[in-house]
Amino acid sequence: MEKLKNLDIGEVSKKSGLPTSTIRYYEEKGLIKSTGRNGLRRQFSSNILERLSLIALARYAGFSLDEISRMFSPNGSLKIDREQLLEKANELNQTIKKIKAMRDGLIHVANCPELDQLNCPKFKKLIKKAGGLKKREKSGLRFDS
């Protein structure tokens, strides 16, 4: 059986594309663990790259580092909360709807026959809704209505 090679923090940084400061921060947050040190350089098992990829995927999906840390059991194995994934997927769907509505509004304004966009009823509606954005963001503001 082949022994897994440890990687020092510089190798992990190079292979993952993450700065060493991020790797140290992830270790500080308990997302990853080093296997020890070789001189002053932290050492990590070779499976660290897979772990960092999982963290990157979760970050890309919008999970916070605290949420991600709860996706790993104390022994380091993955423990996915499927309900949490469905909630995040729903949040992403709502964000997608808002972004699509904003895109459609911008396209309308760009192609609007009005010489002065302030005379366009649809643009006025967008402005009015945007003015209440802070108040209505929590209640699911829609730009498409």
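Just so it is clear, none of the values below were taken in a lab; they were calculated from the coordinates. Because the structure is a prediction, the values reported are computed rather than measured. Cβ sites come from the backbone with ideal geometry, for glycine too, and all protein chains shown count toward neighbours.
Tell me which of 55, 69, 16 sits at the most positive position along the dipole axis of region 7-69, charges placed on C-beta atoms (Lys, Arg +1; Asp, Glu -1).
16
Report, in degrees rounded to the nearest 10, the 0 to 90 angle that the Cα long axis of helix 82-111 makes with the longest principal axis of the chain.
40
Can you list residues from other chains, or at least 5 along the same chain, whose modelled amide H is less than 5 Å from the amide H of residue 35?
HN-HN under 5 Å from residue 35: 43, 44, 45.
To check my understanding: the extent here is largest minus smallest coordinate of the Cα atoms along each principal axis. What are those three numbers for the chain, in Å, largest first?
Principal axes ranked by extent give 72, 32, 28 Å for the Cα atoms.
Relative to the first principal axis of the alpha-carbon coordinates of the chain, what is the inclination of helix 48-60, with its axis defined by its Cα atoms, in degrees from 0 to 90 and to the nearest 10?
10
Using only Cα atoms, tell me the angle between helix 121-131 and the longest principal axis of the chain; keep it within 0 to 90° and round to the nearest 10.
50
Using a Cα-Cα cut-off of under 19 Å, which aspartates and glutamates could be cross-linked to residue 122, ignoring same-chain neighbours fewer than 8 residues away?
Once the sequence-local aspartates and glutamates are set aside, what remains near residue 122 is 104, 114, 144.
For the pairs 29/100; 33/88; 33/79; 29/98, flag any whose C-alpha to C-alpha distance is greater than 28 Å. Walk me through the intermediate numbers first.
Values: 29/100 35 Å; 33/88 26 Å; 33/79 17 Å; 29/98 33 Å.
From 29/100; 33/88; 33/79; 29/98, over 28 Å: 29/100; 29/98.
How large is the Kirkwood hydrodynamic radius of region 82-139, in angstrom, based on all distinct alpha carbon pairs?
Working: mean 1/r = 0.0758 Å⁻¹.
This gives a value of 13.2 Å.
Quick one, can you get me the convex hull of the C-alpha atoms of region 7-69 expressed as volume per residue in Å³?
For region 7-69, the hull spanned by Cα atoms encloses 72 Å³ per residue.
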